[in-house]
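To start, the structure itself, in structure tokens.
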Amino acid sequence: MTKNWQIKISILTLAATMLACQAVMGPDDDYLTESSSQESVPQDAPPTQPEVEAPSGDGGGEACLEGESYHPENGLCYLDGGNAETPFTSMMAGVTEYDENFEEKLLDGEYVLVKYDIHGSEILSPEYESVDDDLLDEQDNTALHEQIWDFYAAMIPAEDRDFVSHYVVMTDGLGGTLAAVEQNPDEPTLWMLNVDISDTENLEELTFTLIHEYGHLLTLNTSQVDIDEELFYNAEDEDALYEAEANCDTYFTGEGCAKSSSYFYLFFDEFWYDIYDDWNEIQYIEDDDKYYEATDEFYYAHEADFVTDYAATNPGEDIAETWAFFITQPKPAGNTIAEKKILFFYDFPELVELRSEIIARAYSRLIRMQ
């Protein structure tokens, strides 16, 4: 998966964290072997289903499609009992394949259009940035802003995203960054979700990217990482950075030290322990051409270990990209390291339960948005 966020470790840890996912998907991914279940899944459009009325005892709710159950706690209808998995993974098959006909039309930078406060599943108090006239239409498209947020809020249960404080609508043009997460500059234990409103037309790609970005939030929130607030507010202090890294007995993510029981550290310890030194040496290469050449060589030397080429960027992108495959693809056989990484998440019952919830919720939204 070709991405535009590939930076050296010193920049990663010194800068205010922004973890981004590019809109244009990369080369075909063939990490799955013949025995894996993904390859034979057709990508047909879901059939139109008749609507049935949701129970009205709670004051109303959306109309359910045939087979769906109404969930009054969130006002949504979706399939229960894992019944959404097959149609959803069918819909998401091939989502990371590169579109050779896609042409980027990037701007000269990245522009914030609107920032919203998040209260539960609502976005409030929009703050509008001063932008050029050619960006006003996107800035004023409140209906689209709300549609994308409503999709995300419906897909990720509220209790699993209570550390997301702001929703930022931005753009860098067509292509480039589709979505990103970054720490709240006023409270680094909280996070902001950034979405490029210009890149939201492809719903499957949007879904995959939002799930990838949630993978960062899942593995970097305060239940998983001891956030280093002092370093966050003194990002240029190299001595503080080196001290923080030296005092971390697990893995220093850039935001802080991963807890010993965290998903991040357990993943790192199992899959990066033997290759980390080779990867880390590359981060000290100062010449850009040599650096990118070395990163390519690293990936191709370990191609079967990663679900995409972007996953080889660093351990953080690896776990987020693998998380996205865990959610959007059928359970693999485990014949490669890449597949074993996906199976890693199946060892946690709470994540298997969350997977089913996200799949059911996402599928119910996608068939209504098609």
Quiz item: Out of (1) in a strand (DSSP E or B); (2) acidic (Asp, Glu); (3) loosely packed, with under 15 Cβ neighbours inside 10 Å, the odd one out for Glu201 is which?
Solution: (1)
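Here's the yes/no breakdown for (1) in contact with a helix residue (DSSP H, G or I) (Cβ under 7 Å, 6 or more places away or on another chain); (2) crowded, with 20+ Cβ neighbours inside 10 Å:
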| residue | (1), (2) |
| --- | --- |
| Thr322 | yes, yes |
| Ile327 | yes, yes |
| Lys331 | no, no |
| Gly334 | yes, no |
| Lys341 | yes, yes |
| Pro349 | no, no |
| Leu354 | yes, no |
| Ser364 | no, yes |
| Arg368 | no, no |
Quiz item: What residue, of Asp117, Asp137, Asp150, is in a helix (DSSP H, G or I) and within 27 Å of Thr222 (Cβ to Cβ)?
Solution: Asp150
Quiz item: Is it the case that segment 257-276 has a residue that's of a type in the set (D, E, K, R), surrounded by fewer than 16 Cβ atoms within 10 Å (Cβ to Cβ) and part of a helix (DSSP H, G or I)?
Solution: yes
Quiz item: Of all residues in segment 177-197, how many are surrounded by fewer than 22 Cβ atoms within 10 Å (Cβ to Cβ) and in contact with a helix residue (DSSP H, G or I) (Cβ under 8 Å, 6 or more places away or on another chain)?
Solution: 3
Exercise. Report, by residue number, each residue of segment 125-134 that is under 17 Å from Val195 (Cβ atoms) and either outside any loop (DSSP other than H, G, I, E, B) or touching a Cys at 6+ places or on another chain (Cβ under 9 Å) (or both).
Key: Pro126, Glu127, Tyr128
Self-check item: Residue under evaluation Asn280, criteria (1) surrounded by fewer than 21 Cβ atoms within 10 Å (Cβ to Cβ); (2) free of Cβ contacts under 8 Å to residues at least 24 places away in the same chain, criterion not met
Solution: (2)
Practice problem: Please work out if Ala360 is within 22 Å of Glu68 (Cα to Cα), surrounded by 23 or more Cβ atoms within 10 Å (Cβ to Cβ), small (Gly, Ala, Ser) and in contact with a Gly (Cβ under 9 Å, 6 or more places away or on another chain). | Solution: yes
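None of the figures in this text is laboratory data; all of them are computed from the coordinates on show. All of these numbers come straight from a predicted model, not from anything done at the bench. All Cβ positions, glycine included, derive from the backbone under ideal geometry; neighbour counts span all protein chains shown.
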